[in-house]
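Bear in mind these aren't lab numbers, they're just calculated from the coordinates by the rules spelled out. The structure presented is a predicted model; accordingly, all values stated were derived computationally and were not measured. Neighbour counts run over all protein chains shown; Cβ positions are idealised from the backbone, glycine included.
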């Protein structure tokens, strides 16, 4: 099953790289195009911060080192958990694979460009969700899947009574 988990992560990286390449090739920086008026548009933004542009405006020189180090640490932890969770294509493995693929996608940008390309923007009226990308989506979906699994897990006592 390890192979499937790593293939899922690889698919996320490939989709992330391809989508970012298309955006960079067809949308000028800070420009955008409406897809669903009043709800969704594509844009081309460079995020020098963390998720949702946290710390993007910080001039601190340590910011990039800290973000890269955090990504590498997360990859080590997720890879270890995936390696140990090789017995089934369970939701835990899929969740970890999504997180791993997303982390690699954003780390790739950060190392090669010094920033992450964000391009998906959802909004209603003047309320807008921060721009994000395929890698961010995979990380959030993986985290939600893990949270759901943790919250719905049966305790050992509940498992014995089933």
Say each of residue 22 and residue 65 gets a label point 7 Å from the Cα, pointing the same way as Cα to Cβ; how far apart are those two points in nm?
3.8 nm
A chain fully extended from residue 83 to residue 122 at 0.36 nm per residue, minus the present Cα-Cα distance, gains in nm 10.5 nm
Show me 93-99, 35-41, 4-10 ranked by packing, highest mean number of other Cβ atoms within 10 Å first.
93-99, 4-10, 35-41
Expressed in nanometres to one decimal, the distance between label points 7 Å along Cα→Cβ at residue 36 and residue 112 is 3.0 nm
